[in-house]
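Q: Dropping a structure here in C-alpha cells format, bear with me for questions.
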Amino acid sequence: MSGRDRRILILGGGYAGLTAMSRLARLGLDAEIVLVDQRSHWSERIRLHELAVGGKARQIDLADFAASLSARFVRARITALSPSGRVVGLETAGGGSTWLRFDHCILALGSSVDDRAVTADALPDAPPVVRLESATEAHLIHDVLVRRPTAKVLIVGGGLTGVEAACEIAEAFPATQVTLASASAWRQDGGPGSFSRVAVQHLANTLQRLGVTSIAGRVLECRKGVARMADGAGLPYDICVWTTGFAPNELAQASGVAVTSHRQVVVDHTLRSVSHRHILAVGDLAFTRTPASGPCRMGCVTALPMGAAAARTVAALLSGRELPGFEFDYLFRCVSLGRADGLIQFVDSRDRPRRLVWTGRKAAIWKDYICRTTLATIGVSAMPAPPVVPPLTMLLPLLRSRRQYA
Ligand SMILES: Cc1cc2nc3c(=O)[nH]c(=O)nc-3n(C[C@H](O)[C@H](O)[C@H](O)COP(=O)(O)OP(=O)(O)OC[C@H]3O[C@@H](n4cnc5c(N)ncnc54)[C@H](O)[C@@H]3O)c2cc1C
C-alpha cells in the first residue's frame, strides 16, 4: 500500500494532536492525515481561567486548520478503538455512527478534570458546579460572576489550575468571596513537581493579598450550594469550580491497549504503545519517561513536544528509517497569579526546583509569552520574541529546548 491509501489517524485535537498534525503536514508525507475530535473548535486550555473572567483565549476552527494543512477533519465522538482491527468507531454530530480505518494512529485524547471522588447536584435550580476544562465551562463561570459579582466562589483543588483560577477570579471580581479548598499542601521536598520555599511563600502571599481564603481539607460532595468536607464541615457556595487533577481519557484502557494504573497509555521512547506497535500515544494520555527528565508529567509542556516527536516517529515508520527517540527535559514551571503577578519556578531537567524564582510582573509577562509560544508550536502563529531576558544560565538550555518543540 502506498500514497494516499495510507491513512494516519490523529484522535483528539488538543495541544498534542494539533502539533502532531501540523508537523506531519509539514513533513509532506505521502499519506492521508485525518484528525478526529468531538469539538468543532479548539480553544486555549491553558488560558481557561482567563476566559472564565471575560479574558481572551485563542480559538481555532479545526476544519479550517486541517484544510490549511491539506489534512481532513472529522467532527465526531470516538466511541471505540480496535487496535488489532485498525479501526475506530465514531458517533457523528448528526447522531449516526461509522467506522474509520487507519494504518497508523496517534492517540491524543487528553484528560478531563478528575471528579470521580465527588458527587454533585444535577438539580435545575442548584448552584452550578463547573469543571474548568473547556471554553463552554469557562463561559458559564463568567456568566455567573457577571450576574452575581458578590458570589461565594468555591474552588476545589489547590493545584496550579485551582490557584490560577482563584487568583484570576479574586482579581477580576474583587467583590466575590473566593475560597480555595485543597486536600494537600504544595510540596517543598525538593523532588520533581515540588516548589522552593520562596515560591511557596509567594503563592501563599498572593492568595492572601487577593483575599482568597485557603482551606485545607478534602471536599467529598457538593449539594444544594454546600460542599461537605471530609471533617464534616460545610462550605457554602454560589458557584463551585472543580479543578481536582486530571484523569486520562478512558478509551485506550477500554480498547485493551496497555495502560498504567492511572489509565495512561504506556509508550516507549518512540511514543509507540508497548502493546500495540502501530499505535502511538501523546500528551496527557501517554505515560513515558526520557533519560533527562525521568517520568513526564501531564501538561501542555510535555504534550507539545510529544506531538512533534510522534510526527517524526510516524514519518520514520512510513519511510523505513530508524526511529528517533523522544527527547525532553524540564526548564521551568509557569503559574499566572492574576494579570500582573505570576510565579516562574526554574527547575532542573527532572523538574526539581532550583533556587531561582521569578515573581511579580516579570513572571506574569513571561507566563503570557509562554502561552503565546504554544500557539506557535501548534502552528497557528509565528514564534514571538522573548519579552524578558532569561538568566544566562538558562539561555543555552532554552535555546536547546526549542529543538524539542520543533
Ligand atoms: C485552566 C488550565 C490551565 C492549565 N495550565 C497549564 C500550564 O500552565 N502548563 C501546562 O503544562 N499545562 C497546563 N494545563 C494542562 C494542559 O492544558 C493539558 O496538559 C493539555 O491540554 C493536554 O493536552 P492534550 O493534547 O494531551 O489533551 P487535551 O488538551 O485534553 O485535548 C484532547 C482532545 O481530545 C478530544 N477528545 C477527548 N475525548 C474524545 C472523544 N471520545 N471523541 C472525540 N474527541 C475526544 C477533546 O475534545 C480534546 O480536544 C492547564 C489546564 C487547565 C484546565
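Q: Looking only at residues in the range 369-398 that are over 16 Å from residue 44 (Cβ atoms) and not hydrophobic (A, V, I, L, M, F, W, C), which one is surrounded by the most Cβ atoms within 10 Å (Cβ to Cβ)?
A: So, considering only residues that are over 16 Å from residue 44 (Cβ atoms) and not hydrophobic (A, V, I, L, M, F, W, C), the one surrounded by the most Cβ atoms within 10 Å (Cβ to Cβ) is 390.
Q: Taking the condition in contact (Cβ under 8 Å) with a residue 40 or more places away in the chain, in contact with a Phe, Trp or Tyr (Cβ under 9 Å, 6 or more places away or on another chain) and closer than 18 Å to residue 50 by Cα, does residue 137 pass?
A: Here the answer is no, as residue 137 does not meet what is asked.
Q: In addition: State all residues of the range 309-330 that are closer than 30 Å to residue 192 by Cα, of a type in the set (A, V, I, L, M) and in contact with a strand residue (DSSP E or B) (Cβ under 7 Å, 6 or more places away or on another chain); if no residue qualifies, say none. Talk me through it step by step, then tell me what you get.
A: Filtering the range 309-330 for residues closer than 30 Å to residue 192 by Cα gives 309-313, 323-330.
Going one step further and asking which of them are of a type in the set (A, V, I, L, M), we end up with 309-311, 323.
Answer for the range 309-330, where residues must be closer than 30 Å to residue 192 by Cα, of a type in the set (A, V, I, L, M) and in contact with a strand residue (DSSP E or B) (Cβ under 7 Å, 6 or more places away or on another chain): just 310.
Q: Within the range 122-141, how many residues are within 13 Å of residue 238 (Cα to Cα) and more than 20 Å from the chain's Cα centre (by Cα)?
A: Final tally of qualifying residues: 5.
Q: Is there any pair linking a residue in the range 263-287 that is closer than 11 Å to residue 313 by Cα to one that is assigned to a loop (DSSP other than H, G, I, E, B) and of a type in the set (Asp, Glu), with Cβ under 9 Å and at least six apart or on different chains, and which?
A: If the second residue must be assigned to a loop (DSSP other than H, G, I, E, B) and of a type in the set (Asp, Glu), the pairs left are 269/327; 278/103.
Here is a yes/no grid of residues against (1) under 17 Å from the mean Cα position of the chain (by Cα); (2) under 29 Å from residue 372 (Cα atoms); (3) in the same structural domain as residue 311 (by TED's automatic domain parsing):
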residue: 48; (1), (2), (3): yes, yes, yes
residue: 53; (1), (2), (3): no, yes, yes
residue: 85; (1), (2), (3): no, no, yes
residue: 103; (1), (2), (3): no, no, yes
residue: 108; (1), (2), (3): yes, yes, yes
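Q: Let me ask another. Among all residue pairs at least 6 apart or on different chains, which show Cβ distances below 6 Å where the first residue, located in the range 61-78, is within 13 Å of residue 379 (Cβ to Cβ) and the second is assigned to a helix (DSSP H, G or I) and hydrophobic (A, V, I, L, M, F, W, C)?
A: 69/25; 71/21; 71/25
Q: Output the qualifying pairs, or none if there are none: Cβ atoms under 8 angstrom, residues six or more apart or on different chains, first residue in the range 86-109 and free of Cβ contacts under 8 Å to residues at least 40 places away in the same chain, second residue part of a loop (DSSP other than H, G, I, E, B).
A: That search, which allows pairs on different chains as well, returns 87/102.
Q: How many residues, within the range 86-122, are assigned to a loop (DSSP other than H, G, I, E, B), within 14 Å of the ligand (Cβ to nearest atom) and either modelled with pLDDT of 95 or more or of a type in the set (A, V, I, L, M) (or both)? Show your work before the answer.
A: Of the range 86-122, the ones assigned to a loop (DSSP other than H, G, I, E, B) are 86, 93-96, 102-103, 108-110, 114-118, 121-122.
Adding the requirement that they be within 14 Å of the ligand (Cβ to nearest atom) leaves 93, 108-110, 114-115.
Okay, now just the ones that are also either modelled with pLDDT of 95 or more or of a type in the set (A, V, I, L, M) (or both), so 93, 108-110.
So the answer is 4.
Q: Limited to the range 246-294, what total is found for residues that are hydrophobic (A, V, I, L, M, F, W, C) and either near the ligand (Cβ under 10 Å from one of its atoms) or surrounded by 24 or more Cβ atoms within 10 Å (Cβ to Cβ) (or both)? Please lay out each step first, then the result.
A: Filtering the range 246-294 for residues hydrophobic (A, V, I, L, M, F, W, C) gives 246-247, 251-252, 254, 257-259, 265-267, 271, 274, 279-282, 285-287, 292.
Then keep just the ones that are either near the ligand (Cβ under 10 Å from one of its atoms) or surrounded by 24 or more Cβ atoms within 10 Å (Cβ to Cβ) (or both); that gives 246, 251-252, 265, 267, 271, 279-282, 285-286.
Looking only at that region, the number is 12.
Q: Next up: Only one of 12, 17 is modelled with pLDDT of 95 or more, within 7 Å of the ligand (Cβ to nearest atom), on the phi > 0 side of the Ramachandran plot and not acidic (Asp, Glu); which? First the steps, then the outcome.
A: Working: 17 fails: on the phi > 0 side of the Ramachandran plot.
Result: 12 is the single residue among 12, 17 that is modelled with pLDDT of 95 or more, within 7 Å of the ligand (Cβ to nearest atom), on the phi > 0 side of the Ramachandran plot and not acidic (Asp, Glu).
Q: Let me ask you something else. Among the residues of the range 207-224, is any β-branched (Val, Ile, Thr), part of a loop (DSSP other than H, G, I, E, B) and surrounded by fewer than 17 Cβ atoms within 10 Å (Cβ to Cβ)?
A: No, there is no match, as no residue in the range 207-224 is β-branched (Val, Ile, Thr), part of a loop (DSSP other than H, G, I, E, B) and surrounded by fewer than 17 Cβ atoms within 10 Å (Cβ to Cβ).
Q: Just one of 312, 297 is among the basic types (Lys, Arg) and within 16 Å of the ligand (Cβ to nearest atom); which is it?
A: 297
Q: Kindly indicate whether any position in the range 263-277 is in the same structural domain as residue 47 (by TED's automatic domain parsing), among the basic types (Lys, Arg) and in a strand (DSSP E or B).
A: yes
Q: Further question: Would you mind listing the helices (runs of 4 or more DSSP H) fully within the range 299-406 where at least 2 residues are in contact with a Gly (Cβ under 8 Å, 6 or more places away or on another chain)? Full working, then the answer.
A: Values: elements: 300-319, 360-378, 392-405.
Correct list: 300-319, 360-378.
Q: What number of residues within the range 11-66 are among the acidic types (Asp, Glu), in contact with a Leu (Cβ under 8 Å, 6 or more places away or on another chain) and assigned to a strand (DSSP E or B)?
A: Selection size over the range 11-66: 1.
Q: Further, regarding this structure: Would you be able to say whether some residue in the range 3-16 is assigned by TED's automatic domain parsing to the domain that holds residue 273, over 24 Å from residue 277 (Cα atoms) and either surrounded by fewer than 23 Cβ atoms within 10 Å (Cβ to Cβ) or in contact (Cβ under 8 Å) with a residue 24 or more places away in the chain (or both)?
A: No.
Q: Does the range 231-238 contain any residue that is outside any helix (DSSP H, G or I), among the hydrophobic types (A, V, I, L, M, F, W, C) and out of contact with any strand residue (DSSP E or B) (no Cβ under 6 Å at 6 or more places or on another chain)?
A: yes
The values are calculated or read from the model by the stated rules, or taken from the named source; none is laboratory data. In this text, all values refer to a predicted model and were calculated from it rather than measured experimentally. Using ideal geometry, Cβ is built from the backbone for each residue, glycine included, and neighbour counts are taken over all protein chains shown.
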